[in-house]
Amino acid sequence: MAEIVSLAEAVERAIHDGDAVAMEGFTHLIPFAAGHEIIRQRRRDLTLIRMTPDLIYDQLIGAGCARKLIFSWGGNPGVGSLHRFRDAVEHAWPVPLEIEEHSHAGMANRYVAGASGLPFAVLRGYNGTDLYRQEALNGTGPRDPAPTIKPITCPFTGETLTAVSAIRPDVAVIHAQRADRSGNVQLWGITGVQKEAVLASERSVVTVEEIVDELDPRPGAVVLPAWTVSFVATAPRGAHPSYALGYSARDNDYYVAWDAIARERDTFTRWLDEQVYAATAGQS
């Protein structure tokens, strides 16, 4: 059952060095406050999993939290590259970073398999691509066959399809609009794979805009029952600079400004000291 705790306590109890951590949220509900708390607690050797790593993973990678990234697209949406991600891959700064690349469909199906208790998912989307020959690339090592993508023969038609192994993170981290006092979580808008990430994971941390007495019905809303969630923490504006539908707007200027902040190591390090390490949970 979900425990309602502070964000600092949730991260301390749920996320440990060496864990595989999936932080999901697409376009909105991106869990920036939780990511900053992970940085503040100086977690290391994490395998970061995300369908669309953007600024939050650029920040975690630049802070030295990550050993490996499993993903399907990476960039500063609408702006350009992730400079801390690129520096880690190309120059091993601040530490070397392995990468494992998939398609969006592959990642989504991997989450669904994990949430369903299945060992793998099957799809057509990898046929004719080089993703079969991708590897967990460390920036300098040779390319090895990807251990999570395999051809499979349909037992009914004989067609060659692709099997992708299930994603089963140690921890899922998401942001949502609301939880009630029992720890049931409600989110709406673009919901991406947040539900699947939580259901596929051993533990979960959910930050919310507010805790209410009762969850009122919302068209198309997803409700995660308290028994599927480990920890709930209030973090108003916890998705900033992304947005939480019904609570905040996207800070487009932040995404533009990030390009200059992250481009050089010195400006990034100064940002990290001033905006993350000097802040307290829920205020970064």
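The values are calculated or read from the model by the stated rules, or taken from the named source; none is laboratory data. Everything numeric in this text was worked out from a predicted model, so none of it was measured. Please note: Cβ atoms are built from the backbone with ideal geometry, for glycine as well, and neighbour counts cover all protein chains shown. Each accessible area value is taken on the protein alone, full model and side chains, heavy atoms only, with ligands, DNA and RNA left out. Shrake-Rupley method; radii C 1.70, N 1.55, O 1.52, S 1.80 Å.
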I need two numbers for the range 217-284: Rg to one decimal and Dmax as a whole number, Cα atoms only, in Å. 16.1, 48
Taking amide H positions as placed in the peptide plane 1.01 Å from N, state which residues far from Val232 in sequence (5 or more) or on other chains have amide H under 5 Å from it. Glu3, Ile4, Val5, Val206
Local net charge near His83, Cβ-Cβ under 14 Å (Lys/Arg +1, Asp/Glu -1): -3
Rounded to the nearest percent, how much of the accessible area of the chain (1.4 Å probe, protein heavy atoms only) is carbon and sulfur? 52
When ranked by the protection proxy of mean other Cβ atoms within 10 Å per residue, highest first, what sequence do the peptides 175-181, 257-263, 116-122 form? 175-181, 257-263, 116-122
Calculate, in whole percent, how much of the Cα-Cα pair population of the range 31-108 lies beyond 20 Å. 24
The convex hull of the Cα atoms of the range 192-247, divided by residue count, gives a volume in Å³ per residue of 103
Cα gyration tensor of the range 1-69, axes a ≥ b ≥ c as square roots of the eigenvalues: rounded (a/c below 1.5), prolate (a/b > b/c) or oblate? oblate
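Based on alpha-carbon positions alone, could you give the equivalent ellipsoid semi-axes of the range 141-213 from the gyration tensor, as √(5λ), descending, whole Å? Don't skip to the answer; put the middle values down first.
Details: eigenvalues 268, 51, 21 Å².
Those come to 37, 16, 10 Å.
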Using mean Cβ contacts within 10 Å as the protection proxy, how do 193-200, 62-69 order, highest first? 193-200, 62-69
Prolate/oblate/rounded label for the chain (Cα gyration tensor, a/c 1.5): oblate
Structure-based [θ]222 nm, the chain - -39500 (n - 2.57) summed over DSSP H runs of at least 4, per residue, nearest 500: -7500 deg cm²/dmol
Applied in sequence order to the range 188-195, the curve 6.51 cos²θ - 1.76 cosθ + 1.60 (Karplus, θ = phi - 60°) yields integer Hz couplings, x standing for Gly and Pro, of 8, x, 6, 9, x, 10, 4, 4
Taking the alpha-carbon set of the range 26-179, what are its Rg and Dmax in Å? 16.4, 53
